[in-house]
Each structure stands twice: as C-alpha cells, then as structure tokens.
1. Taking Ser169 and the conditions (1) in contact (Cβ under 8 Å) with a residue 40 or more places away in the chain; (2) in a loop (DSSP other than H, G, I, E, B); (3) not hydrophobic (A, V, I, L, M, F, W, C), which numbered condition does it fall short on, given that it satisfies the others?
2. Restrict the check to segment 286-294 and report whether at least one residue is surrounded by 14 or more Cβ atoms within 10 Å (Cβ to Cβ), in a helix (DSSP H, G or I) and out of contact with any strand residue (DSSP E or B) (no Cβ under 6 Å at 6 or more places or on another chain).
3. Quick one: would you say Ala279 is within 28 Å of Gly89 (Cβ to Cβ), surrounded by fewer than 20 Cβ atoms within 10 Å (Cβ to Cβ) and either of a type in the set (A, V, I, L, M) or free of Cβ contacts under 8 Å to residues at least 12 places away in the same chain (or both)?
4. What number of residues within segment 218-256 satisfy the criterion of being out of contact with any Asp or Glu (no Cβ under 9 Å at 6 or more places or on another chain), hydrophobic (A, V, I, L, M, F, W, C) and in a strand (DSSP E or B)?
5. What number of residues within segment 151-166 are assigned to a helix (DSSP H, G or I) and within 14 Å of Val111 (Cβ to Cβ)?
6. Those residues that are among the basic types (Lys, Arg) and assigned to a helix (DSSP H, G or I), I need them from segment 324-358; list them, please.
7. Check Glu269, Glu274, Glu319 and return the single one that is more than 20 Å from the chain's Cα centre (by Cα) and of a type in the set (D, E, K, R).
8. If Ala321 satisfies all but one of (1) without any contact (Cβ under 8 Å) to a residue 60 or more places away in the chain; (2) surrounded by 19 or more Cβ atoms within 10 Å (Cβ to Cβ); (3) assigned to a loop (DSSP other than H, G, I, E, B), what's the number of the condition it fails?
Amino acid sequence: MSEIGVVLFMPAAVVSSGIAVRAMPPRRPVPPCEPHRRRAILAPRPWGRAMKKPCALAGLLAAAVSLPSFAQVTAEQLAAAEIRTEKVGDRLWVLFGLGGNIAVSVGPDGVLAVDTQFPELVPRYLAAIRELGGSGVDFAINTHWHYDHADGNLVLGPTGTWIVAHASSRAMLLEDNVINTVVRPPFPQKAYPAGALPMATFTDRMQLHFNGETIDLLHTGPAHTTGDAAVIFREHNAVHLGDVFNNAGYPFIDTDNGGDLDGTIAFCEAVLEELRPGATVIPGHGPVAKYEDLEAYVAMLKGVRAKLSELIRSGATLEQAIAAKPTAEWDARYGDPTRMIDRGYAALQRQNASRQRR
C-alpha cells in the first residue's frame, strides 16, 4: 500500500504499520545559534547531510530565490503578500498567502504543514506559525508537485524538514517540466535539488500519527496531476485536497502532464466517502469550504464532462466546444471557463484516442 523513497529514521509511533522503521539515532546536540530545540521526532537526514541551522535560513532563501523564476507572479506581489491565518479546529489552521493554501497542525509533537508555497514567503509563514505556538516545520506534505505548492521545499528541506509526497510527484520534481495553464504562456518548472525533494513517498495510502491525530494520505489515480495527495485529518473530519479541489474558480487539470477530468471526479468522490457530512474541506486555492461544497463541485464537474462528451461525439472542434458554452450554468459561480473547457476537452480526446488504440 505504501512506498517509502528512502529508509526512514522515525519513531515507530509516527508512521503506521506497514512501513519499515529503524530506531532513531542519538539526538544531535542543538547548535548554539538555534533559537529553539529541535524535537526528538526529527533526526539528521539518514544519508548524512547535517541539518542546517535556522540561522542559515536567510542564506538558503537567497539561494532559492536566485534560481530561475517559474512562478507567474511578480516580485511586487511576493513582496506585498501577507499571511492570513484561519483556525479550522483544535491545533489545525489554514494559512493563506500567495500560492497554494497551507494547512498546519501545531501541537506537542511539533509542526506539520501541508504544502509550502514560495521560498520568499517561508519566513513570513514561519512567523505566523510561531504565533500559533509552533516553531520550525517538522513535516511538510506536498499535495502535488506544482511550484506554487512546493517551491517552499527549496528552503524547508535543507533546514531539516521531512518532506512527504506521492511517488509520482517526487518523480516529477526530479525533472524539468513545462506547465501549460492555457490562459497564460506555458512556463518551465526546473528540477529540484536533492535537498528539496520528498524523502518519503507513497503510492495509494499512507498514515501518520502526529499531535494526537491520525492523518491519512490518499491517492486514487491521475486527477489534477498524476501525483495528487489528499491529506485527511481524521479527528477533525477535515481534508486538504490541494488543487484537485479549487474553490476560487474552475479547476486546472494539468492534462499535458497526465492530469485527467474523470480522475478528478473519481478522486473527489473517493474523498467524500472518507469524510462525514459537515466536514471541513481545504482547497488548493480559495476559501475553506465544507463537505456540501465539494459535493456541488463534483456535480459541476460531472455536468461539464457530460456536455463536453456530447460535443466531442458530435464532432465539435475545441473552438466550437468553447463557443457552445457548455459551462454556462456554472460560470456565475466559477468564473472564466476557458481553461476548464480546453483542458477537459483535451483530457476526453486523449481518453477516446486511448480507447481506439486498444
């Protein structure tokens, strides 16, 4: 069920059975410049790279932001971005900034973050986490590999954060990629250096036990990308769905890199089955939602899919499909449908071509 990218030195209480765990090596002395003591849950990386001191954060940040810019955001936007905090449960918050929403669990075991946003924003959301009673990020889960959710790895990884992701996301982060969002020019996302890569991966499911919470990671197949992870906080009846669920508009399905419309529907339906009505649903973008909002989102996706399928069966080109306005009844809620129609059309055409080859 689960795959680990490296052998982990973790306390057995942290990760569920089915994952090989070695006894943790002796705790490393805390360097004098560290303003806080690292928790026993963190050990030096097993391949021997020493954990960076938090006082080196500025240097790591400078190195990260000197890399080619992949994000379609301006330096002015990054400079002006502020972190807003919303509490969604006991020890569970959402941090809003510029990029993907971050969920954080803060408690006696430390800090677990879901997604990492941009390198420039790491100091700002670390300051917000300190206000919540935490300090450094002990664990970070990437919901997928896109830069606006994972570029913070470039800073957090070298400072000792244990990064977890789906195996396909790690594979994508190992390579140079191009993201075609349709509404903007395609742009490159460069391969990450070793220190920013996830050190633990899974395939279908993975379970963590942290801050008194059972945290399940779930993947059901290609959806927004080929490496999406839903992060379910069981005791809170809450989930972070990454960009599989966009609450700020129509979803972006990264069809060119294996994303899939039918898979997005199936992924959301599988997550609904894992939750109870009234659940808190944290989207990749947009405000925090509820179980019922995700149900409505699935209904919209099914409706758009049905209309696109009918247009494709009738022989409509992409331009004709866009002109037919198959999303008209949902546009008031979700906004500009151009990308949704384009990527949905491409996904269904790819699916049809695959069937014809069989």
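1. Against the list (1) in contact (Cβ under 8 Å) with a residue 40 or more places away in the chain; (2) in a loop (DSSP other than H, G, I, E, B); (3) not hydrophobic (A, V, I, L, M, F, W, C), Ser169 comes up short only on (2).
2. yes
3. So Ala279 fails the test.
4. Final tally of qualifying residues: 1.
5. Qualifying residue count, segment 151-166: 2.
6. Across segment 324-358, the qualifying residues are Arg333, Arg339, Arg343, Arg350, Arg355, Arg357.
7. After applying the criteria, what remains is Glu319.
8. (3)
Rule-based calculations on the coordinates, nothing more; no lab input. These figures come from a predicted structure and were not determined experimentally. Positions of Cβ are generated from backbone atoms using ideal geometry, with glycine treated the same way; all protein chains shown enter the neighbour counts.
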